[in-house]
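Report on one structure; see the data block that follows.
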Amino acid sequence: MVQYHLGIYAGHDTGVAVVDENLDIVHLFEEERFNGEKMTYFNPYFALKEIIRLPLKHFKTITFGFNPDEVQADFLKKFVRFQKIRSEEILEYLFGKVTWDEVCFAGHHDCHAAGAFFPSNFDSALIMVADGTGESESTSFYEGKDHAISRISSERTNDFSLGILYQYFTEWLGYRTHNTSQHCGKIMGLASYGKPVYRERILEMLRSEGAGYRWPGGSLLETRGKIAEAFGGPRPRPVNSFSREQADVACSIQTVLEEIILEKLGAVREMHPFQNLCFSGGVAMNSLLNYRILQSGICDDIFVQPLSSDRGIALGAALASAARFSSSRSSASRFSASRRKIQNVYAGYGEISPQAELDRLIREYDFPVFVESREASPKEIAGFLDAGQILALFQGKQEIGPRALGNRSIMAAPTVASRDRTNERIKYREPWRPFAPTIMEEEVGHYFDRFRAEPFMSVIYGVLPDKIKGMEGVTHVDGTARLQTVSEKQNPVFYEIIKEYKKLSGIPVILNTSFNINAQPIIRTVYDAVLTFLCCGIDGLLIENTLVRKKESLPRDCLNRLDRILAEVTRDARSIALQILDYSEETRKLLSELLGCPSIRFRKRYGSKPISRCFIKGHTKMSWDIISHMT
């Protein structure tokens, strides 16, 4: 019988993952795709509910992606108390009839490391984890060999954190929000417009009396103030334009990040020589940094985990336990042979019958769309792209991670005109942010400065100067692009569309961006796809091989109906409630305390009212069923 391992992560970018005994990804569901909040902090209840809905009914392990020995949060203290009182009721509520052999815990950086090494297919590698913070560490190095990983060293967040430093400069540049990390990629794009004129000023703030770096003033808490002393107060957000100073500061902090990471890698290499590098953690989302690492020659090969941010913690937790049990029952060589490099990340939510669901939505909701073709070919789709149309593609299982890779994608020609139209009508981004290209894998060396497959949009490459013409819309101001390569094996439909586009334009590249509106998660269902299609400037929607168009005019009553539907979707996503039926009074009281809503009273009989106000006020960030039984 195949053994399955479940990983669960609750923090930000929460989710759940299932892997099998061969360390293959079976399922991975991100909570944001269910509750509609990008990079959500809500616990992954709806994602877990989706796992339980599947035929899998027994797990060898359930592993939580944190180390309870290092986290003494009030939540855990309450949870320990709660486990002693009627905990079987809640376990049955959460997991239904699912059973398991063992509950495990894995540290935050350990999960990042496992998630980077085990899918890499390297027999041995240095593993670097860099992020804002784990339980207490910010940068960690591991050795990975065959079936095991072991930690070499860690830097404490209280001493220094490159991830937090980059976030603080992101705030200073105008992006101070409740979750600044979601804006860090914008600073990487802005950096290309500036020069590193403030590099030395930043490094001077960070240098310690001994080796290495430390927080300005010796304290994390003083860092924002020290940045303000050195650069003045925070600048306004660069929405439509930016100042020369902002571009130069962005370039300077990007340069400092690259230099310190390479310095750390060099120091580790002196004591622990390596050829292969695995990289994960939020800092690994910086694709320009990954390009610099490749350029430096410090390693022969690199694998950047496609889910480098905390989106990958649940996967790493499951992999850590799967590796432990696999190695305990087989030799290292057998275990190593069972591993294979991750080929795709299409392991998310998938509709059973997307075209049937489309027909149902059109019939029941009377959406103002019509089916133009039931057999739209890649050649036809390529022709529409070449004519300047913007099309959305929905097929198969959803991509996991932050990048659209051809299953939930918006496609356009790689021209400036198509790029600008995509931004003005759909994405509403800052105009200086780049869009990404997707290229046929066998063509990459003819258009970019490296002949290397990059199926996950993890690394930026330089565009060859004589190839920029015709793809200016996906080439950044510095002549680079964060590309995706696609092979016929990886994604046949997406590949054929690009192949047909090459026949028409002579260029084996299209613009590929995520199927969503700015600041929203990538769409998950056919329902999401149709709503997004209707509410922005996409010209056509391809659901598998069915091409859908909008009717020429949208009547006022239809627009009002769409407004109501969108309002309901938003309300349902943000209205968090509890489903408490026949639990004991003591259990209900403790559960209420655990969820941070001690004022809520429950009753056994049906009857409900929304409690979204409680959550809007910030009383809790737990995510549960959208059913409330209370007085």
Filtering the stretch 220-240 down to residues that are without any contact (Cβ under 8 Å) to a residue 24 or more places away in the chain and of a type outside the set (A, V, I, L, M, F, W, C), which residue is nearest to GLU424 (Cα to Cα)? GLY233
Within the stretch 472-491, can you find the residues that are out of contact with any Leu (no Cβ under 7 Å at 6 or more places or on another chain) and either in a strand (DSSP E or B) or more than 25 Å from GLU399 (Cα to Cα) (or both)? GLU472, VAL477, ASP478, GLY479, THR480, ALA481, ARG482, THR485, VAL486
Among (1) part of a strand (DSSP E or B); (2) of a type outside the set (Ser, Thr, Tyr); (3) at pLDDT below 95, where does GLY134 come up short? (1)
Is there a residue being part of a loop (DSSP other than H, G, I, E, B) and either at negative phi or modelled with pLDDT of 90 or more (or both) anywhere in the stretch 496-507? yes
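Conditions (1) modelled with pLDDT of 50 or more; (2) in the same structural domain as GLU399 (by TED's automatic domain parsing); (3) in a loop (DSSP other than H, G, I, E, B), marked per residue:
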site: ASN516; (1), (2), (3): yes, yes, yes
site: GLN520; (1), (2), (3): yes, yes, yes
site: ARG524; (1), (2), (3): yes, yes, yes
site: ALA529; (1), (2), (3): yes, yes, no
site: CYS536; (1), (2), (3): yes, yes, yes
site: LEU566; (1), (2), (3): no, no, no
Where a residue in the stretch 524-547 is free of Cβ contacts under 8 Å to residues at least 24 places away in the same chain and more than 17 Å from ALA412 (Cα to Cα) and its partner, wherever it lies, is surrounded by fewer than 23 Cβ atoms within 10 Å (Cβ to Cβ) and of a type in the set (A, V, I, L, M, F, W, C), with Cβ under 9 Å and at least six apart: ASP528/VAL569
Residues to consider are ALA356, ALA314; find the one that is more than 27 Å from ARG199 (Cβ to Cβ), surrounded by 23 or more Cβ atoms within 10 Å (Cβ to Cβ) and at pLDDT 95 or above. ALA314
From VAL444, VAL459, VAL416, VAL477, grab the single residue that is out of contact with any Asp or Glu (no Cβ under 8 Å at 6 or more places or on another chain), modelled with pLDDT of 95 or more, among the aliphatic types (A, V, I, L, M) and farther than 25 Å from GLU30 by Cα. VAL477
Select from the stretch 273-327 the residues that are free of Cβ contacts under 8 Å to residues at least 40 places away in the same chain, more than 26 Å from ASP449 (Cβ to Cβ) and either among the hydrophobic types (A, V, I, L, M, F, W, C) or not in a loop (DSSP other than H, G, I, E, B) (or both) and list them in ascending order. ARG324
Odd one out for ARG176, checked against (1) basic (Lys, Arg); (2) assigned to a strand (DSSP E or B); (3) within 24 Å of the chain's Cα centre (by Cα): (2)
Going through (1) outside any loop (DSSP other than H, G, I, E, B); (2) within 21 Å of GLY232 (Cα to Cα) one by one, ILE152 fails only at (2)
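Matching residues to (1) on the phi > 0 side of the Ramachandran plot; (2) part of a loop (DSSP other than H, G, I, E, B); (3) of a type in the set (S, T, N, Q):
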{"position": "ASN423", "(1), (2), (3)": "no, no, yes"}
{"position": "PRO437", "(1), (2), (3)": "no, no, no"}
{"position": "GLY445", "(1), (2), (3)": "no, no, no"}
{"position": "LYS469", "(1), (2), (3)": "no, yes, no"}
{"position": "VAL493", "(1), (2), (3)": "no, no, no"}
Picking from GLY383, GLY396, GLY401, GLY350, the residue that is at pLDDT 95 or above and assigned to a loop (DSSP other than H, G, I, E, B) would be GLY396
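The values are calculated or read from the model by the stated rules, or taken from the named source; none is laboratory data. None of these values were measured; they are calculated from a predicted model. Note: ideal-geometry Cβ built from the backbone for every residue, glycine included; neighbour counts use all protein chains shown.
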